[in-house]
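Chemist: Could you have a look at this structure, given as structure tokens, before my questions?
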Amino acid sequence: MKISPKYNASEIESKWYDYWMKNNYFHSEVDEREPYTIVIPPPNVTGVLHMGHMLNNTIQDVLIRRARLLGKNACWVPGTDHASIATEAKVVAKLKEEGINKNDLTREEFLNHAFEWKDKYGGIILEQLKKLGASCDWERTKFTMDDDMSEAVIKVFVDLYNKGLIYRGFRMVNWDPEAKTTLSDEEVIYEERQGNLYYLQYDIVGSDEKVTIATTRPETILGDSAICINPEDERFTHLKGKKAIVPLCNREIPIIEDSYVDVEFGTGCLKVTPAHDENDKVLGDKHNLEVIDIFNEDASLNSFGLHYEGKDRFVVRKEIAKELEEKGYLVKVEQHTNKVGTSERTKAVIEPRLSDQWFLKMEDLAKPAIEGVLGEDRDVKLYPRKFENTYRHWMENIRDWNISRQLWWGQQIPAFYYGDGKEDFVVAETKEKALELAKEKTSNANLQASDLRQDADVLDTWFSSWLWPMSVFDGIRNPENEEINYYYPTNDLVTGPDILFFWVARMIISGYEYKDTRPFENVYLTGLVRDKQRRKMSKSLGNSPDALKLIEEYGADGVRVGLLLSSAAGNDLLFDEALCQQGKGLGNKVWSAFYLTSLWEVSGEIEQPEHSKIAIEWYKTKLQKTLAEIEDHYSKYRLSDVIMSIYKLINDDFCGWLLEAVKPAYQQPIDKKTYDEVIAIFEDNLKVLHPFMPFITEEIWQLISERTAEEALIIAKYPEINEIKDSSIIEEFDFATSIISGIRTIRKEKNIAFKDAIELYVVNNENYTKSFDSVIKKLVNASEVNYVQEKVDGASFRVKSNEYFVPISADSINVEEEIKKITEELNYTEGFLKSVQKKLSNERFVNNAPEQVVATEKKKEADALAKIETLKASLASLG
RNA sequence: GGGCGAAUAGCUCAGUUGGUUCAGAGCACUUGGUUUACACCCAAGGGGUCGGGGGUUCGAAUCCCUCUUCGCCCA
């Protein structure tokens, strides 16, 4: 068959993806083989592929494809996450564009819009993953709000409630006034903001005294319920037991004492606003203070805001400062930088707010998950290990998880209220069951379903994704089903360290709680993808390349290799398109090597030449050695080292040395034995490379010979890894490459064209094998390798204590230069010898160092001495 | 403010229990070359006081102390 000298990625990639799909290679079913399972970190259902996804999913695909080649039953479960806040925000924004206000819709109407949106945009990202070559079992695609997935979530909620682990609490939460919902601590991003520190004067009841406090939020004075001083602070002793008057609203508040107050900060005197600050809430509880909430849910002021009622907090901040100034309460304003919490999704400034929320008690649940990761047997292993410390710190200081969100898009909390009392509710999986429970609890048999009102809140998105590895196999609803028993626990999880706590830790927790086992054995934490200037890739900076365009330009294979070449686990990846170029370059190299073999005319008539025989023998050993190295890298999840080893194997060893050694002369046929062996080697190379470059390897595999569907590369058998009994051939070959390099250098220095054959003379002091002479002759175009006892006139070089001579015409020999070169080499070697001998003459070294270390030093000494002797002999003959 | 981690070639990083895998890789750079697979190529080469200082040791990139700089997480 005629092979194109150029490789066309985009055409070939879609061809093979279709072929793989058609033959159902990605699909997995329970069978007797060993399972290998990965669940995808479900991307947001409305998301589009970005560089982080590319990295992440390439790694997963490499692991899955490798497992498939190793004969395991590989199952990669794909899916998407409903991403409550992010998606709801997008739907609200879209409705707004259409002139529809969310608040004018019923819950059902809104959800209809949301599902419409999801059906339209959801899953785009999964289609994009296919372009990357992701070999997911698409028949298993899941969505965190599928009916069965939601059922599992509700079941778990009810179960945890019944275990007493879920409770309702009036707590200070992070309130996003824009999305009008609670955020978990992890969804709050703290930013440094330039603000003001306002110094305000409060009058003291029954005296002319005043007290000055400093605050960054003057609008909250309307919610003040105390002034607090440090009892040790002598400046304020005279205020003890007195009362102050809040400016503008003229409320009397107590002056309390607490050592919490930092005497250094501001005036050393603090206003206490329990409704609007976490620390103040603690103080308020301790001192039994009134709680005055001055905000509406959109952070505009309510009736406690007096004449500011209805105005936004930031507007009020400016206006109230002005009013306070006019009325003489404002002493001064200082510039002040403080950290402000903002919403990860809406960017709105977070308002600490007291409200009724649902919480999950974490302390006991976390214990097995701490032991699982940090215990001695490392039941769950984190790669790289440095994340274990971070994990420990978080898990040991874990706080209860606020699982309710004031949204509609998500699983509605299955709590049903039958009255107005705080405890007038029941928790059940369905309304029917709830009614039964409510009847029991109230002893009111006449209670109707219509009397029950379900909690309006939904559950935090992570409350569904923390069950992901179990729920995708229906392991919550049917805990003993065949699939969960087979595929769970899964093997590897690949994700970013930014969701170590959001997601990974919680899956570990739920795994131990519901299956009493780890959810996965290994967690590979990738780094973040950054640009060359180390900036995070983001839409707003516009520094994120279009993933699909990259694939178009470099091919999926090229992008995959480019991404992995520089991404050691846990290290940030500084993305540079040049890396994709390198990836594409490897593809071209492989293709061109294949093209070369396709040009060969094979003859059964000729014998295998010596140089081919020995080179193939060497490569086979080298391949085994590399396979072992690769295995070691895989076991440590060092995928960038794996691909680098493969890169060197194919680029240098296979193309650079082996093919050059066996390549027949122009228009000469190749012997059949060599051809067959090279093709077999090529096939092994393709298998090793397949997980990284699935498309081009399959293409070549199928072109090498006609294959049935059962013989496709994607399901081929990975090369066997055998222990190398004798690796001396590798060292001998390395010696040969040094000789070859030496001759190439001479050719370059003396301007000898490659087509002009040279003669080579050797003084074989090392007693080095002659096995590779045929290879050397071929690769340097030497007509003869002559073994001699004495120096020969011409250019020379040395490998260890062996001397090599290439006779050249007398006028191109520069004796002075030769002398200089050899003298330099001699000086270096003598210096080296000196340092070795110094060591060896140190009695303490000889007595204390291990025998082997001393032995190697002695060997160094002997080698150096031998070399010095040859160098001196050379000098003598020259001079 | 608390915790964790990092600093090695121009860049990105390896370097495991102190000693032949100890100063390495890839890229970039310089020089030369079409040699009938590949210029998306090949060959040869230059380049580092292992962040600074101190200590332990026969021996330190590696262990300890200290300083400097940077990153991440949490409050």
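Chemist: Answer yes if at least one residue in the stretch A:328-339 is charged (D, E, K, R), farther than 30 Å from A:LYS90 by Cβ and over 40 Å from the mean Cα position of the chain (by Cα), and no otherwise. Let's see the steps before the verdict.
Modeler: If we filter the stretch A:328-339 for residues that are charged (D, E, K, R), which is where we start, we get A:332, A:334, A:339.
Pick out the ones that are also farther than 30 Å from A:LYS90 by Cβ and you get A:332, A:334.
The next check asks that each one be over 40 Å from the mean Cα position of the chain (by Cα); those that pass are A:332, A:334.
Yes - at least one qualifying residue is present in the stretch A:328-339.
Chemist: Which residues, taken from the stretch A:658-675, are in contact with a helix residue (DSSP H, G or I) (Cβ under 8 Å, 6 or more places away or on another chain), in contact (Cβ under 8 Å) with a residue 60 or more places away in the chain and within 11 Å of RNA strand B (Cβ to nearest atom)?
Modeler: A:LEU659, A:GLU660, A:ALA661, A:LYS663, A:ILE670
Chemist: Separate question: Given the residues A:ILE616, A:ILE606, which is the only one that is away from RNA strand B (no atom under 12 Å from the Cβ), part of a helix (DSSP H, G or I) and over 21 Å from A:LEU69 (Cβ atoms)? Walk me through how you get there before you give the answer.
Modeler: Values: A:ILE606 fails: part of a helix (DSSP H, G or I).
Going through A:ILE616, A:ILE606 in turn, just one is away from RNA strand B (no atom under 12 Å from the Cβ), part of a helix (DSSP H, G or I) and over 21 Å from A:LEU69 (Cβ atoms): A:ILE616.
Chemist: Which residue, of A:SER771, A:SER796, is of a type in the set (Gly, Ala, Ser) and outside any strand (DSSP E or B)?
Modeler: Numbers: A:SER796 fails: outside any strand (DSSP E or B).
None of the other options fit; the residue is A:SER771.
Chemist: Looking only at the stretch A:746-756, filter to residues that are farther than 14 Å from A:ALA782 by Cα and surrounded by fewer than 16 Cβ atoms within 10 Å (Cβ to Cβ); which one of those is nearest to RNA strand B (Cβ to nearest atom)? Let's see the steps before the verdict.
Modeler: Going residue by residue through the stretch A:746-756, those that are farther than 14 Å from A:ALA782 by Cα are A:748-751.
Within this subset, residues satisfying the condition of being surrounded by fewer than 16 Cβ atoms within 10 Å (Cβ to Cβ) are A:748-749, A:751.
Details: A:LYS748: 6, A:GLU749: 8, A:ASN751: 8 Å.
It comes out as A:LYS748.
Chemist: Between a residue in the stretch A:479-498 that is closer than 26 Å to A:LEU55 by Cβ and any residue that is part of a strand (DSSP E or B) and charged (D, E, K, R), which pairs come within a Cβ distance under 8 Å, given they are 6 or more apart or on different chains?
Modeler: A:PRO489/A:GLU521; A:THR490/A:GLU521; A:ASN491/A:GLU521; A:ASP492/A:GLU521
Chemist: If we keep just the residues of the stretch A:373-400 that are away from RNA strand B (no atom under 12 Å from the Cβ) and over 21 Å from the mean Cα position of the chain (by Cα), which is surrounded by the most Cβ atoms within 10 Å (Cβ to Cβ)?
Modeler: A:GLY375
Chemist: In the stretch A:163-261, which strands (runs of 3 or more DSSP E) lie fully inside it and hold 2 or more residues that are more than 16 Å from RNA strand B (Cβ to nearest atom)?
Modeler: Values: elements: A:166-176, A:181-183, A:188-204, A:210-215, A:226-229, A:243-245, A:252-257.
Those strands (runs of 3 or more DSSP E) span A:166-176, A:188-204, A:210-215, A:226-229, A:243-245, A:252-257.
Chemist: Are any residues in the stretch A:467-520 of a type in the set (A, V, I, L, M, F, W, C) and within 16 Å of RNA strand B (Cβ to nearest atom), and if so, which ones? Before you say what the answer is, go through the steps one by one.
Modeler: Within the stretch A:467-520, the subset of a type in the set (A, V, I, L, M, F, W, C) is A:467-468, A:470, A:472-473, A:476, A:484, A:493-494, A:499-505, A:507-509, A:520.
Scanning the stretch A:467-520 gives A:ILE499, A:LEU500, A:PHE501, A:PHE502, A:TRP503, A:VAL504, A:ALA505.
Chemist: Could you please let me know if A:SER645 is within 13 Å of RNA strand B (Cβ to nearest atom), in contact (Cβ under 8 Å) with a residue 60 or more places away in the chain and assigned to a helix (DSSP H, G or I)?
Modeler: Details: within 13 Å of RNA strand B (Cβ to nearest atom): yes; in contact (Cβ under 8 Å) with a residue 60 or more places away in the chain: no; assigned to a helix (DSSP H, G or I): yes.
Judged against the criteria, A:SER645 is not a match.
Chemist: Hey, can you tell me all the residues within the stretch A:62-118 that are in contact with a Leu (Cβ under 8 Å, 6 or more places away or on another chain) and loosely packed, with under 14 Cβ neighbours inside 10 Å?
Modeler: Within the stretch A:62-118, A:ASN101 is the sole residue that qualifies.
Chemist: Sort out which residues of the stretch A:108-154 are of a type in the set (A, V, I, L, M) and touching a Phe, Trp or Tyr at 6+ places or on another chain (Cβ under 9 Å), and write them in order of number.
Modeler: So the first thing to find is which residues in the stretch A:108-154 are of a type in the set (A, V, I, L, M), and the list is A:111, A:114, A:124-126, A:129, A:132, A:134, A:145, A:149, A:152-154.
Answer for the stretch A:108-154, where residues must be of a type in the set (A, V, I, L, M) and touching a Phe, Trp or Tyr at 6+ places or on another chain (Cβ under 9 Å): A:LEU111, A:ALA114, A:LEU126, A:ALA134, A:MET145, A:MET149, A:VAL153.
Chemist: Here's another thing I want to ask about it. Only one of (1) more than 25 Å from A:MET172 (Cα to Cα); (2) modelled with pLDDT of 80 or more is not met by A:VAL291, so which one is it?
Modeler: Among (1) more than 25 Å from A:MET172 (Cα to Cα); (2) modelled with pLDDT of 80 or more, A:VAL291 violates only (1).
Chemist: Any residue at all in the stretch A:450-457 that is more than 32 Å from the chain's Cα centre (by Cα) and assigned to a helix (DSSP H, G or I)?
Modeler: Here is the first cut: in the stretch A:450-457, the ones more than 32 Å from the chain's Cα centre (by Cα) are A:450-457.
Now restrict to residues that are assigned to a helix (DSSP H, G or I): A:450-451.
Yes, the stretch A:450-457 has at least one match.
Chemist: Go through (1) assigned to a loop (DSSP other than H, G, I, E, B); (2) under 28 Å from A:LEU183 (Cα atoms); (3) at pLDDT 80 or above for A:GLY328 and report which single condition fails.
Modeler: With (1) assigned to a loop (DSSP other than H, G, I, E, B); (2) under 28 Å from A:LEU183 (Cα atoms); (3) at pLDDT 80 or above applied to A:GLY328, the lone miss is (2).
Chemist: Among the residues of the stretch A:778-788, is any modelled with pLDDT of 85 or more, more than 16 Å from RNA strand B (Cβ to nearest atom), in a loop (DSSP other than H, G, I, E, B) and over 51 Å from the mean Cα position of the chain (by Cα)?
Modeler: Going residue by residue through the stretch A:778-788, those that are modelled with pLDDT of 85 or more are A:778-788.
Right, trim to more than 16 Å from RNA strand B (Cβ to nearest atom) and you get A:784-788.
Then keep just the ones that are in a loop (DSSP other than H, G, I, E, B); that gives A:788.
Retained after the next criterion (residues that are over 51 Å from the mean Cα position of the chain (by Cα)): A:788.
Scanning the stretch A:778-788, I find at least one residue that is modelled with pLDDT of 85 or more, more than 16 Å from RNA strand B (Cβ to nearest atom), in a loop (DSSP other than H, G, I, E, B) and over 51 Å from the mean Cα position of the chain (by Cα), so the answer is yes.
The values are calculated or read from the model by the stated rules, or taken from the named source; none is laboratory data. These numbers were taken from a predicted model, which means no experiment stands behind them. Using ideal geometry, Cβ is built from the backbone for each residue, glycine included, and neighbour counts are taken over all protein chains shown.
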